[in-house]
Amino acid sequence: MAGLLILLATSTFAHRGGVITETFDAKDKITISTTSGDCTIKKSDNGKIEVRVDVDADPEDAIDAIIRERTKSLRLQEKIFGSCRGGSFWEISVPDGTRIQFSSASGEFLAENVSGEFEVNTASGDIEFIDCKGEFDLNSASGTVSAENCSGYFHMSTASGYVEASGVKLDFASEFSTASGRVRVILAESPTVDLDVSTASGRAVLDYDGNPLSGNFEFVCRERKGRMSSPVDFETEEKFRRHGERYIARTFTKGSDTPQISLGTATGSVTLKD
């Protein structure tokens, strides 16, 4: 079936089958919601928003790609009717400073070379940022959440997946965490803001990648359950109870008592590399 564009209202479009491209003036916010559809965000070269969506479904009328335009926002939605194979793929070019919200069950999200405010949530889909700047609030249940050569504020978490941050620069206090998965944070430079890296039962690694250690470093784990590793000898040790369990906290200070660098686990392991 050839691509079908249905004009539902002056500000709403539904697309079924094939590829379509729409261009809009800059907006404050774009919201994207899919079940299995993937999304790629790139930087606009003309200050406008360009939405390219490819709908490939069997049967062909099983998926609608819906675009709703408002004065200051766009809402993009993948709507599935019954069981089908295939899905939708969204490629969106945006001006710097756009607020992006994306949610999906199994869809994947990729952003490259763009600055903005990002809130991304998936169940099993992977989330990836490359050469981006801004605010990153990224969460997945079992997918991989990654940031490469990015700077700004970070809140990156998974339940059982991986958190991978490489070459990141922290402009604001940030947090990287997982429940049973793995966290690995490689810093582009020594942070001057607070940083929390944690896992409940998985493995967490904070790597300064040759940058100097500076600040107050605190390691926390369950006594005789969790494991902690540091290239610097600990200076203090304290035992306490949390949720009825016995925990141990060890600290050392290098250069200054700020920022606060925290590495925590319950029954997993936390490692600091210099």
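We did not get these values from a lab; they are worked out from the coordinates using the rules stated. Source: prediction; values computed, not measured. Reconstructed Cβ throughout: ideal geometry from the backbone, glycine too, with neighbour counts over all protein chains shown.
Out of Gly215, Gly152, Ser36, whose Cα points farthest toward the positive end of the dipole of the chain (charges: +1 Lys, Arg; -1 Asp, Glu; placed on Cβ)?
Gly215
Specify the inter-centroid distance of the range 202-274 and the range 132-172, based on alpha-carbon positions, in whole Å.
Here the answer is 21 Å between Cα centres.
Considering every Cα-Cα pair within the range 125-257, what fraction, in whole percent, is farther apart than 20 Å?
On the way: 4113 of 8778 pairs.
Tail of the P(r) past 20 Å holds 47 percent of the pairs.
My understanding is that a pair violates if its Cα-Cα distance is over 27 Å; which of Lys169/Lys225; Lys133/Lys254; Lys72/Lys169; Lys48/Lys79 do that in this structure? Present the calculation step by step, with values, prior to reporting the outcome.
Details: Lys169/Lys225 32 Å; Lys133/Lys254 29 Å; Lys72/Lys169 31 Å; Lys48/Lys79 25 Å.
Distance filter (> 27 Å) returns Lys169/Lys225; Lys133/Lys254; Lys72/Lys169.
If the range 63-157 were replaced by its equivalent ellipsoid, with semi-axes equal to the square roots of 5 times the Cα gyration tensor eigenvalues, what would those be, largest first, whole Å?
Working: eigenvalues 108, 63, 22 Å².
Value: 23, 18, 10 Å, ordered largest first.
Mind grabbing the base-10 log of I(q)/I(0) for the chain at q = 0.11, 0.15, 0.17 Å⁻¹? Debye formula, identical points on the C-alpha positions, no solvent, two decimal places.
Log10 I(q)/I(0), no solvent term: -0.68, -1.01, -1.19.
At 0.36 nm per residue, and after removing the present C-alpha to C-alpha distance, how many nm does the segment from Asp45 to Glu223 gain when stretched out fully? Working shown, then result.
Working: separation 178, 0.36 × 178 = 64.08 nm, distance 5.45 nm.
Here the segment from Asp45 to Glu223 would lengthen by 58.6 nm.
Grab the beta carbon distance between Asp233 and Asp171, set R0 = 30 Å, and tell me the FRET efficiency rounded to 0.05. Numbers along the way, then the final one.
Details: r = 31 Å, r/R0 = 1.03.
The computed FRET efficiency comes out at 0.45.
Which of Glu108, Glu50, Glu223 ends up with the largest GNM mean-square fluctuation for the chain, with Cα atoms connected below 10 Å?
Most flexible of the set in this elastic network: Glu223.
Compute the distance in nm between two label points, each set 7 Å from the Cα along the Cα-to-Cβ direction, one at Thr253 and one at Phe24.
That separation, rounded to one decimal, is 5.2 nm.
Which ³J(HN,Hα) values in Hz, rounded to whole numbers, follow from the phi angles of the range 40-53 under the Karplus curve 6.51 cos²θ - 1.76 cosθ + 1.60, where θ = phi - 60° and Gly and Pro get x?
Going residue by residue, I get 10, 10, 10, 7, 6, 9, 9, x, 10, 9, 10, 10, 10, 10 Hz, with x marking Gly and Pro.
How much length, in nm to one decimal, is gained on full extension between Ser73 and Thr31, taken as 0.36 nm per residue of separation minus their Cα-Cα distance? Please list the in-between numbers first.
Values: separation 42, 0.36 × 42 = 15.12 nm, distance 0.79 nm.
Full extension of this stretch gives 14.3 nm more.
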